[in-house]
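Scroll down for the structure; my scribbles are underneath it.
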Amino acid sequence: MMASVMNSRLCSRKWTNIPASTTCAPITSGCLVLQWWHVEKARTLWDEMIQEGVQPDITAYNTMISGYCQSGEVGVAEDMFKNMLMGAIDSSATTFEWLVRGHCMARDAEAAMLVHADMKRKGFGLAPEVVEELLDGLCKNGRVENGFSVLREEKKRE
């Protein structure tokens with residue numbers, strides 16, 4: 001009950017009095033967490049905040065990308081990632097990790113490997129649990145050799 005009360009306060013508020021420099025990450029994160037990853041409600045709030053001049057930062061983008069990936073909408077997460085880059089916001093290791101996870105959940109090993117390659121070019125490594133998810137996704141798709149390659153590369157990073 002408390003979660004729904006908190007959610008209604010977070011998500012129904014109008015954003016006209018919030019300074020443009022305020023981050024929307026805690027708000028979108030609150031909607032995602034309190035509503036168990038209801039990304040459409042968070043997206044509505046996101047769009048409303050942008051219309052009011054609130055500029056999302058990397059944390060806000062990562063929150064939305066995470067929500068889309070966890071809800072199985074990795075294509076929308078990729079679109080959000082592209083919008084982030086067009087807005088001159090640099091990606092982080094977390095951004096790439098969620099995209100790798102999303103593609104693995106969608107059983108798209110090829111896309112997960114492409115994201116991993118982009119991640120390496122940017123100088124980021126994967127967290128151990130994401131390496132495990134990528135290896136699992138590759139092996140389930142018959143790409144065992146790619147899995148060994150990822151494992152060797154990540155071991156070198158240590």
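Taken together, the values in this text are just the output of simple stated rules run on the coordinates, not laboratory data. Please read all numbers here as calculations on a predicted model, not as lab measurements. All Cβ positions, glycine included, derive from the backbone under ideal geometry; neighbour counts span all protein chains shown.
Quick notes
- Applying the Karplus relation 6.51 cos²θ - 1.76 cosθ + 1.60 with θ = phi - 60° to the range 39-52 yields 3J(HN,Hα) values of 6, 5, 5, 5, 5, 4, 5, 4, 4, 5, 5, 5, 4, 8 Hz, where x marks Gly and Pro.
- Shown in residue order for the range 66-79 are the 3J(HN,Hα) couplings computed by the Karplus curve 6.51 cos²θ - 1.76 cosθ + 1.60 at θ = phi - 60°: 4, x, 5, 5, 5, 8, x, 10, 5, x, 5, 4, 5, 4 Hz (x for Gly and Pro).
- Share of pairwise Cα separations in the range 91-158, more than 13 Å, in percent: 56
- Surrounding net charge for Arg43, when Lys and Arg each add one and Asp and Glu each subtract one, Cβ distance under 12 Å: -4
- Across Lys82/Lys122; Lys82/Lys140; Lys122/Lys155, pairs whose alpha-carbon gap is larger than 24 Å: Lys82/Lys140
- Taking other C-beta atoms within 10 Å as the exposure proxy, Phe124, Phe96 rank Phe124, Phe96 from fewest upward.
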